[in-house]
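The values are calculated or read from the model by the stated rules, or taken from the named source; none is laboratory data. Being a predicted model, the structure only gives us computed values, none of them experimental. All Cβ positions, glycine included, derive from the backbone under ideal geometry; neighbour counts span all protein chains shown.
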Amino acid sequence: MLKFWDSSVGKKVVMGVTGLILVGFVIGHMAGNLQIFMGMERYNAYAKLLQEDIIEITWAVRVVLLVSTVLHVLAAYQLTMRNRAARPVDYALRDAQVSTYASRTLRWGGVFLAIFLVLHLGQFTLGWKWLLPEFSRGAAYGNVVLAFERPFWVVFYLVAMFFLLLHLFHGTWAVLRTLGLAKNAAEPLQRRLPLIIALVVTVGFSLVPLGVALGIVR
Ligand code: HEM
């Protein structure tokens, strides 16, 4: 087991499998969030379901998400360090062959997403007052509306969703390659499944802050 983790391929497989678990979560979380367009009662009932009625399942999911996130970040960090050690001096000329904007921003985009996640949990789950002074436990709908009535948070979330788009696009393609399920497509836009997943998740999430900013949700 340790030998597997020690190998670069092992770390990539760990990144891929944990990445797929996280993709599954974001798809579910995005779909759940869209219920905000069905009104306060529906959205708060959904939040209550997760927070009270099936709290044991929620906790099991939290543990899986936490372990997956830690392993995903740790493997990414170690692979980056290993790659740097293998080439201490940078290339004199970087002439990208088939890399995309998404693949080149994966690491820094990942760091931004990690910061986003901490602030996001602080704002909506942990109720940190400096992030959302009006936070009220059990009032998920009101919390979301109050946050996105502030343009700063709308922009912040939209920027985060842009990074999520790039991350999901490149990440899902990479895992399909690691698992041998995708052919090598030189043209990035031929990577249709990753593109669809990334677009659906990102657009779905973005509709929430946009819905509040446009006054459709209030
Ligand atoms: C516009 C986008 C998003 C909105 C409106 C949103 C909304 C929310 C809300 C309201 C909660 C708290 C639910 C409650 O406890 O009552 C929550 C929790 C959470 N969100 Fe998001 N979310 C968004 C995007 C994301 C993204 C992109 C991720 C991950 C990359 C994410 C990860 C989480 C996690 C891990 C929790 C904690 C779940 C728990 O254990 O209780 N969210 N979100």
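Residues in segment 193-218 that are more than 11 Å from the ligand (Cβ to nearest atom), under 21 Å from F163 (Cβ atoms) and loosely packed, with under 14 Cβ neighbours inside 10 Å: 3 in all. Within segment 130-159, residues that are within 17 Å of I36 (Cα to Cα) have Cβ atoms under 7 Å from residues that are surrounded by fewer than 12 Cβ atoms within 10 Å (Cβ to Cβ) and among the hydroxyl-bearing types (S, T, Y) in these pairs: G142/S136; N143/S136, counting only partners at least 6 apart in sequence or on another chain.
Among residues belonging to segment 102-131 that are not in a helix (DSSP H, G or I) and not hydroxyl-bearing (S, T, Y), point out the one that is nearest to A75 (Cα to Cα). Before the answer, list the steps.
Applying the first criterion (not in a helix (DSSP H, G or I)) to segment 102-131 yields 105, 125-131.
Narrowing further to those that are not hydroxyl-bearing (S, T, Y): 126-131.
Numbers: L126: 27, G127: 30, W128: 30, K129: 33, W130: 32, L131: 30 Å.
The extreme case among them is L126.
Among residues of segment 72-127 being at pLDDT below 80 and among the hydroxyl-bearing types (S, T, Y), the one that is farthest from the ligand (Cβ to nearest atom) is Y91. Contact annotation: residue pairs with Cβ atoms under 9 Å, 6 or more positions apart or on different chains, pairing a residue in segment 25-38 that is within 15 Å of G211 (Cα to Cα) with a partner that is more than 11 Å from the ligand (Cβ to nearest atom) and among the basic types (K, R), are Q35/R42; I36/R42.
For segment 202-216, the set of residues classified as within 12 Å of L34 (Cβ to Cβ) and polar (S, T, N, Q) consists of S206 only.
For segment 40-59, check the following and say yes or no: at least one residue is within 9 Å of the ligand (Cβ to nearest atom), in a helix (DSSP H, G or I) and in contact with a Phe, Trp or Tyr (Cβ under 6 Å, 6 or more places away or on another chain). Can you show your working first?
So in segment 40-59, the residues within 9 Å of the ligand (Cβ to nearest atom) come out as 43-44, 46-48, 50-51, 58-59.
With in a helix (DSSP H, G or I) added as a condition, the list becomes 43-44, 46-48, 50-51, 58-59.
Next, from what is left, pick out any that are in contact with a Phe, Trp or Tyr (Cβ under 6 Å, 6 or more places away or on another chain): 43-44.
Yes, segment 40-59 contains at least one residue that is within 9 Å of the ligand (Cβ to nearest atom), in a helix (DSSP H, G or I) and in contact with a Phe, Trp or Tyr (Cβ under 6 Å, 6 or more places away or on another chain).
Might you let me know whether segment 160-176 holds any residue that is touching a residue at least 60 places away in the same chain (Cβ under 8 Å), more than 12 Å from the ligand (Cβ to nearest atom) and surrounded by fewer than 19 Cβ atoms within 10 Å (Cβ to Cβ)? There is no residue in segment 160-176 that is touching a residue at least 60 places away in the same chain (Cβ under 8 Å), more than 12 Å from the ligand (Cβ to nearest atom) and surrounded by fewer than 19 Cβ atoms within 10 Å (Cβ to Cβ).
Filter segment 3-16 down to residues that are among the hydrophobic types (A, V, I, L, M, F, W, C) and surrounded by fewer than 16 Cβ atoms within 10 Å (Cβ to Cβ) and give me whichever is nearest to the ligand (Cβ to nearest atom).
Here is the first cut: in segment 3-16, the residues among the hydrophobic types (A, V, I, L, M, F, W, C) are 4-5, 9, 13-15.
Narrowing further to those that are surrounded by fewer than 16 Cβ atoms within 10 Å (Cβ to Cβ): 4-5, 9.
Working: F4: 27, W5: 24, V9: 26 Å.
Checked segment 3-16; the qualifying residue nearest to the ligand (Cβ to nearest atom) is W5.
Of the residues making up segment 109-139, those that are of a type in the set (G, A, S) and more than 20 Å from the chain's Cα centre (by Cα) are G127, S136, G138, A139. Do we have A213 as modelled with pLDDT under 85 and among the small types (G, A, S) here? No.
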